[in-house]
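The values are calculated or read from the model by the stated rules, or taken from the named source; none is laboratory data. What you see is a predicted model, and the numbers here were worked out from it, not measured in a lab. No Cβ is skipped: glycine too gets one built from the backbone with ideal geometry, and neighbour counts run over all protein chains shown. All accessible areas refer to the heavy atoms of the entire protein, side chains included, with ligands and DNA or RNA removed. Shrake-Rupley method; radii C 1.70, N 1.55, O 1.52, S 1.80 Å.
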Amino acid sequence: MGFCGHLLTHKAAKRRGRGPFRENRTAALVRDVSKSGQSVTITQNGEAKVVVMGVETYDRWRAAMTLLKLIAQGEADLAAGRTVTQKDAFRRAAAALL
């Protein structure tokens, strides 16, 4: 992949005398990330600032975060004693679907 993590911002590039961050490098980054399916972390002064990822990777990440949130909510309900029997849960689900 053409980009492996550290990219210069326009401001940083000017300070270092390397000229502006060109659109063709941005296009190459987008192409590489889209093709590889991997994300790229962009750093500034050695600190991670931005993560670039393809839409499919982002969609999978969002779905995973949604599932983790549901699991956390379920665990909180269990800890707080907000539970029902399996029979009652299925009865409620059937009633909601009708």
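Numbers at a glance
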{"read-out": "Count of residues meeting criterion [surrounded by fewer than 10 Cβ atoms within 10 Å (Cβ to Cβ) and part of a helix (DSSP H, G or I)] in segment 72-84", "value": "1"}
{"read-out": "Subset of segment 48-71 [open to solvent by 90 Å² or more (accessible area, probe 1.4 Å), assigned to a strand (DSSP E or B) and in contact with a helix residue (DSSP H, G or I) (Cβ under 9 Å, 6 or more places away or on another chain)]", "value": "none"}
{"read-out": "Failed item, numbered, when LYS87 is tested on (1) surrounded by 10 or more Cβ atoms within 10 Å (Cβ to Cβ); (2) free of Cβ contacts under 8 Å to residues at least 12 places away in the same chain; (3) part of a helix (DSSP H, G or I); (4) not hydrophobic (A, V, I, L, M, F, W, C)", "value": "(1)"}
